[in-house]
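I have placed the structure first, in the form of structure tokens, so that the comments after it can refer back to it.
The values are calculated or read from the model by the stated rules, or taken from the named source; none is laboratory data. Predicted, not measured: the structure shown is a model, and the values here were computed from it. Don't worry about glycine lacking a Cβ; one is built from the backbone with ideal geometry, like all the others, and counts go over all protein chains shown. Accessible surface areas use protein heavy atoms only, side chains included; no ligands, DNA or RNA. Shrake-Rupley method; radii C 1.70, N 1.55, O 1.52, S 1.80 Å.
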Amino acid sequence: MTVHAADPPAPLVWPLVSSSKTEIRTFNGHTNTVTDIVGRIGTPPSLIIFTEGNHLMVLLGEDIVGAFPTWAKSQPRYADLELGNVVVVTLPQPVVVEMVRSRGIAMGNLRIDVSRASGFYPDIVMGGSEPLRELRKLRIIEPQARLFSKNRGLALLVRKGNPLGIRALADVSRVGARLAQPDRVEFGGRARNRGVIEGLIGKAAADAFFAREVEHFPGRLGITHRDVPEMIARDYADVGLSQYHLVSHWVRTFPDRFELVPIEGTERFPLSIAFARVIDPLRPYALEAFEEFFFGRARDIYPKYDFARMDDDKYGATLDLE
């Protein structure tokens, strides 16, 4: 009798944010694919936003970046703006800080200069308080930012069908599941996750929960919103721990590969993202238009993507960065 080996787990192939309207060669697979810089390089940018990737599903969707040019054309103040090339960088917060500090980033053999001279330089930076304070120390952004989103805490990512029967935190250690979570380069992400889990189930149970964490795997990028689902898909780990809206996004993107398992009580530990203006931006008119547009709708749009709805006194509130 011939025994056929099972097919190896397949890598994830991320869908493009938008398809090109021209007949150009496109690399769209699990290699030679740039997933976290959206826009056209070589064409003068209309606006550039550097941001962490955990809210890319909202920012890059039809409700925000997709709707911005049409909204601007409907406004007499902004009707003459050319907004055909809004460029968005959705990389981890430490990477965003480092690419501004070091004035560049390399993607394989390609180096992209990040400078005012090159034109590839942010007008807006969105992120958490720690990375924004780092950029403020460098005098890149203004001394105050504005809060615009709040998450729903953490959730678990499991394979479709939940073969290990993981329904709660205690099940992870009970079945000896291998755990995937953010890379160590994230701004306090791992320590924050640990604090949340200890706050929910205590230190001893948290020790058991994290006992079989898988910290490395071949090809790890250090990009949470790519690495964690890849680890589950490629069978390097059995369960992933990440922010609720990210897990929800992975399940919506790959409904045949993943399921979400909620964590009771985790909404008590929310994180927020803020909007910061770059000092002396290269495209101030477009920045002004986008800020007006964004804060006019973000509060209602983000909950549609499994973020929490912000209270009146929190939405748009000032975050002091000094």
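Of all residues in the stretch 159-178, those that are in contact with a helix residue (DSSP H, G or I) (Cβ under 8 Å, 6 or more places away or on another chain) and over 17 Å from Tyr244 (Cβ atoms) total 6.
Kindly provide the set of residues from the stretch 248-269 that are aliphatic (A, V, I, L, M) and within 17 Å of the chain's Cα centre (by Cα), ordered by number. Outline the logic, then answer.
Let us first name the residues in the stretch 248-269 that are aliphatic (A, V, I, L, M), namely 251, 260-261, 263.
Once the filter is applied, which keeps residues that are aliphatic (A, V, I, L, M) and within 17 Å of the chain's Cα centre (by Cα), the stretch 248-269 yields only Val251.
Candidates in the stretch 285-322 are the residues that are under 17 Å from the mean Cα position of the chain (by Cα) and within 27 Å of Glu134 (Cβ to Cβ); of these, the one that is most open to solvent (accessible area, probe 1.4 Å) is Tyr305.
Which of the residues spanning the stretch 117-127 are surrounded by fewer than 20 Cβ atoms within 10 Å (Cβ to Cβ) and closer than 13 Å to Phe148 by Cα? Outline the logic, then answer.
Restricting attention to the stretch 117-127, the residues satisfying the condition of being surrounded by fewer than 20 Cβ atoms within 10 Å (Cβ to Cβ) are 117-119.
Listed by number, the list is empty, since nothing qualifies.
Listed residues Arg194, Arg190, Arg146, Arg152; which is open to solvent by 10 Å² or more (accessible area, probe 1.4 Å), touching a residue at least 12 places away in the same chain (Cβ under 8 Å), of a type in the set (D, E, K, R) and assigned to a helix (DSSP H, G or I)? Please lay out each step first, then the result.
On the way: Arg190 fails: touching a residue at least 12 places away in the same chain (Cβ under 8 Å); Arg146 fails: assigned to a helix (DSSP H, G or I); Arg152 fails: assigned to a helix (DSSP H, G or I).
Matching residue, one of Arg194, Arg190, Arg146, Arg152: Arg194.
Scanning the stretch 59-84 for residues that are in a loop (DSSP other than H, G, I, E, B) and in contact with a strand residue (DSSP E or B) (Cβ under 8 Å, 6 or more places away or on another chain) turns up Leu60, Val65, Leu83. Remark: pairs (first residue in the stretch 224-250, more than 10 Å from Arg178 (Cβ to Cβ); second residue among the basic types (Lys, Arg); Cβ separation under 7 Å; 6+ apart in sequence or on different chains) = Asp227/Arg220; Ala233/Arg257; Tyr244/Arg152; His245/Arg152.
Being touching a Lys or Arg at 6+ places or on another chain (Cβ under 6 Å) and open to solvent by 30 Å² or more (accessible area, probe 1.4 Å): is that true of Ala79 here? Explain how you work it out, then say what you get.
Values: touching a Lys or Arg at 6+ places or on another chain (Cβ under 6 Å): yes; open to solvent by 30 Å² or more (accessible area, probe 1.4 Å): yes.
So Ala79 passes the test.
Kindly check whether there is at least one residue in the stretch 218-225 that is within 17 Å of the chain's Cα centre (by Cα) and farther than 24 Å from Gly128 by Cα. No, that holds for no residue. Evaluated against (1) open to solvent by less than 10 Å² (accessible area, probe 1.4 Å); (2) over 19 Å from the mean Cα position of the chain (by Cα); (3) under 30 Å from Leu83 (Cβ atoms); (4) not basic (Lys, Arg), Leu282 falls short on exactly one condition, (1).
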